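Remarks on the structure that follows.
What follows draws every value from the coordinates through simple rules; no lab data is involved. Everything numeric here is computed off the predicted structure, so don't read it as measured data. Cβ sites come from the backbone with ideal geometry, for glycine too, and all protein chains shown count toward neighbours.
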Amino acid sequence: MKIFISIFVVISIALSASAQNSSIQPFQNKNSFQLELMGPTVFYSLNYERILINGERFKTSAQLGVSYYPPSTGVRDLWIPIGINEIISFGNHHLEVGLGYLPVREALRDSDLKAIEWEWSHMLNGRIGYRYQKPDGRLIIRADFTPVLEIQNLNSGDAFHPLGGVSIGYSF
């Protein structure tokens with residue numbers, strides 16, 4: 001409940017602070033590639049984003065990414081973050097709120113690190129954060145809180161992971 005109140009307060013302050021801002025515009029470039037460090041995939045991901053609804057104040061984007069870790073790292077092999085985000089614009093500064101689905105493939109391996117069997121895990125993630133992007137610019141910088149909820153571990157107590165990340169991207 002506290003997080004929802006915090007989100008509401010941040011949105012309210014941002015909306016009132018920029019009520020006089022007349023430079024709010026749609027993005028000129030609707031596609032982007034981004035490198036996200038940390039975030040819902042733990043260490044890194046490469047993401048493609050497409051702006052689906054490109055209004056002046058409100059924009060909606062869809063995002064698809066990938067993160068791969070070699071067997072020697074001991075981390076789950078393949079992460080595929082899929083998300084939908086709402087971007088609320090205040091000139092060059094934006095509030096970003098989103099929801100995502102995160103399928104993760106993990107190999108069960110023998111002693112030689114050879115995959116014996118593949119297993120998929122399913123997670124949900126959220127996103128709330130700051131995004132810097134000029135409406136006519138190419139550079140994207142983001143800092144987000146990206147909590148993850150592991151669906152199959154809901155009863156074990158290890159299901160919630162409060163993660164965060166930063167991204168840098170290029171829009172085209």
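Where in segment 97-133 does the amide nitrogen come within less than 15 Å of the point 7 Å from the Cα of L78, taken along Cα to Cβ? 102-108, 115-122, by backbone N distance to the label point. With springs only between Cα atoms under 10 Å, which of F43, F33, F145 fluctuates most in a Gaussian network model of the chain? Checking each option, the largest mean-square fluctuation is seen for F43. Rounded to the nearest whole Hz, the Karplus-based 3J(HN,Hα) values (6.51 cos²θ - 1.76 cosθ + 1.60, θ = phi - 60°) of segment 69-78 follow the sequence 10, x, x, 5, 6, x, 9, 3, 5, 10, with x at glycine and proline.
Against the chain, whose longest principal axis comes from its Cα atoms, helix 2-17 is set at around 30 degrees. Counting lysine pairs in the chain whose alpha carbons fall under 29 angstrom apart, excluding pairs fewer than 8 residues apart on the same chain, gives 4.
Hey, could you get me the Stokes-Einstein D for the chain, Kirkwood radius over alpha-carbon pairs, 20 °C and 1.002 mPa s, rounded to whole µm² s⁻¹? Mind showing how you got there, number by number?
Details: Rh = 17.2 Å.
Stokes-Einstein gives a translational diffusion coefficient of 125 µm²/s.
Remark: the I168-I151 segment gains 3.2 nm on full extension, using 0.36 nm per residue and subtracting the alpha carbon distance. Only helices enter the 222 nm calculation for the chain: every DSSP H run of n ≥ 4 contributes -39,500 (n - 2.57), and dividing by all residues gives -3000 deg cm²/dmol, rounded to 500. GNM remark for the chain: springs join alpha carbons under 10 Å apart, and the peak mean-square fluctuation among V42, V104, V75 falls on V75. Summarising the label geometry, the points placed 7 Å from Cα in the beta-carbon direction at Y130 and W118 lie 4.0 nm from one another. Springs between Cα atoms under 10 Å define the GNM used for the chain, and in it the highest mean-square fluctuation of E117, E56, E96 occurs at E117. The simple Förster model, with R0 at 35 Å and r as the Cβ-Cβ distance, assigns S23 and H161 a FRET efficiency of 0.40.
Assuming 0.36 nm per residue, please report the length gained on full extension of the stretch A143 to Y68 beyond their Cα-Cα distance. All intermediate terms of the calculation are to be shown ahead of the outcome.
Working: separation 75, 0.36 × 75 = 27.00 nm, distance 2.18 nm.
The A143-Y68 span can extend by a further 24.8 nm.
Amide H contacts of T146 (H built 1.01 Å from N, in plane; Pro and chain starts excluded): L163, G164, G165 sit under 5 Å, all sequence-distant by 5 or more or on other chains.
Can you tell which of L163, G129, Q152 lies farthest toward the positive end of the dipole of the chain, using +1 and -1 charges on the Cβ of basic and acidic side chains (Lys, Arg; Asp, Glu)? Of the listed residues, the answer is G129. Magnitude of the charge dipole for the chain, about its Cα centre and with charges confined to Cβ atoms of Lys, Arg (+1) and Asp, Glu (-1), is about 640 debye.
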